[in-house]
1. I need a count of the residues in the stretch 360-380 that are assigned to a loop (DSSP other than H, G, I, E, B) and either under 20 Å from ILE416 (Cα atoms) or open to solvent by less than 30 Å² (accessible area, probe 1.4 Å) (or both).
2. Considering only residues that are under 17 Å from TYR150 (Cβ atoms) and among the hydrophobic types (A, V, I, L, M, F, W, C), which ones fall in the stretch 123-138?
3. Could you check the stretch 142-260 for helices (runs of 4 or more DSSP H) lying wholly inside it with 3 or more residues that are surrounded by 20 or more Cβ atoms within 10 Å (Cβ to Cβ)?
4. Find the strands (runs of 3 or more DSSP E) located wholly in the stretch 1-70 whose residues include 1 or more that are surrounded by 15 or more Cβ atoms within 10 Å (Cβ to Cβ) and among the hydroxyl-bearing types (Ser, Thr, Tyr), and list them.
5. Looking at (1) over 26 Å from ASP195 (Cα atoms); (2) open to solvent by 30 Å² or more (accessible area, probe 1.4 Å); (3) modelled with pLDDT under 90; (4) not in a helix (DSSP H, G or I), find the lone condition where LEU447 falls short.
6. If you check every pair at least six apart or on different chains, which have Cβ atoms under 6 Å apart with a residue in the stretch 16-36 that is touching a residue at least 12 places away in the same chain (Cβ under 8 Å) first and a residue that is part of a helix (DSSP H, G or I) and not aromatic (Phe, Trp, Tyr) second?
7. Could you please find all residues in the stretch 83-116 being in a helix (DSSP H, G or I), farther than 26 Å from ARG206 by Cβ and of a type in the set (D, E, K, R)?
8. For the structure I just gave you, tell me whether GLY383 is open to solvent by 30 Å² or more (accessible area, probe 1.4 Å), of a type outside the set (A, V, I, L, M, F, W, C) and under 26 Å from PRO8 (Cβ atoms).
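The values are calculated or read from the model by the stated rules, or taken from the named source; none is laboratory data. Just so it is clear, the model here is predicted, and its values are computed rather than measured. Cβ: placed from backbone, ideal geometry, glycine included. Neighbour counts: every protein chain shown. Note: accessible area is taken over every heavy atom of the protein model, side chains too, but ligands, DNA and RNA are not part of it. Shrake-Rupley method; radii C 1.70, N 1.55, O 1.52, S 1.80 Å.
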Amino acid sequence: MVIRQEYPDIRVKSIDVDVSDGAREHEAAADLVLGEFLESDSRLFVAYRNAQRWVQTYEPVLLGNTGPNRSIFREGGVYLITGGLGRIGVAISEYLAEKYRARLVLVGRSSLPARKAWNTWIGSHADDDPVRARIRTIERIEKLGGDVLYVNASVSDVSAMRGVIELAHQRFGALHGVIHGAGLVGEEGYREIKDSDYDNCDGHFRAKAHGLLALQDALNGKALDFCLLMSSLTSVLGGIGQAAYASSNIYMDSFARKHNRTSAVPWLSVNWDVWRLRDHAAFNSGLGTTLKELGMSAKEATEMMETALAVRTASQLVVSTGDLGARINQWINLESLNPNGQADASRQTRSTLSQRPSLPTHFDAPRDETEQQIARIWQNALGIDAIGINDNFSQLGGHSLIAIRIVAELRKAFQIDLPVRALFDAPTVAELSRYIQEHLIAEIDALTEEEARQLVSNA
């Protein structure tokens, strides 16, 4: 999903083929795969079983048919939450504390001083101290009615998670449900494909995938009411800079389906839309501006959590606050691009372009050929007649989908592997021109003498 969003000129398809042993079967499977190259259907995910072609679709859940109107949460129930002091973990904890007086086992990566030293720590540290803030968060949850046991442990460590569950039973005498919410989010987790490395990907998979395997081991044989996996809508829609994050969430979705084939304890993976909590990184970065009209408040999201857990027969549910089909057309089928997957930045004539909107910046015309070329590409993609070199991309109405079109054109124009994020790191024509020139110079400097000779001879 993300390859095509970051490189829209690359055609991508996932073909799942179940092949039996034997030369004839292998040849038949090869024919099916080759046939997909000629298939006009743009579906991203295709599977073949018994020579039948299947495509991935989504069906709406009718909320009136989710079963008995009884919450799966118990009054005074004991619930373990990984990523317990993250924004979403805290929102869930506050909800369970206030509504069910829940006893909560919160697992996190940060260490805290012993509880008897909390008052001393608070009195000796400033308000912006992160440890002080975490202590205050736990105290707030307890004031709402909860009883909190905080444990510093790595969710990917099997022995550590066994210890957490043992502590839960020692402290509360039971464990009724688990919510797996650990993960890297925001700026920490964002990385475009061109800049991805093992460490960044491993961080996502340690929290999501390895953490899941550790939980399965530690919970083996334990009678639970549920296990809720906090997956993401990136499993369905991808997202610029989200290749590793989307992959680790897809792993959780698949894991839940496989687990439920043999387990008596229901595991549910929910692909959540954005939880609109304070200081959400996606909004601050500019990369999530198309989500501003969507997403859920903490109240809406926690109520939806109740609804999702009431669907007792599901292994995976998608929660989308907008029309999911329309969003798939936007982000997966990239309908804003032409049928060949290319940004069609030349299709607008001057008569169809809108006037420059009222902006806090004065209009300053492009000063050189590079700025003129960038401005023309922006004008066509944004549909604006005149764009000044100091006009801000976001203030002009730019968002991630438009950024995909612009970057595709800039890559062709300047023959540079430009990241989509460049439009948000260098959000004006002038800044982007400097950015491109610096990267072109860096690429030239990195050439060997032989590569430089070949480049000159091919020019």
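1. Adding up the residues that qualify gives 1.
2. VAL131, ALA133, ILE135, ILE138, listed by residue number.
3. Numbers: elements: 158-172, 198-205, 211-219, 234-237, 243-259.
In the stretch 142-260, the matching helices (runs of 4 or more DSSP H) lie at 158-172, 211-219, 234-237, 243-259.
4. Hits in the stretch 1-70: 45-49.
5. (1)
6. Matching pairs, first to second residue: VAL17/ALA29.
7. Result: GLU94, GLU98, LYS99, ARG115, LYS116.
8. No.
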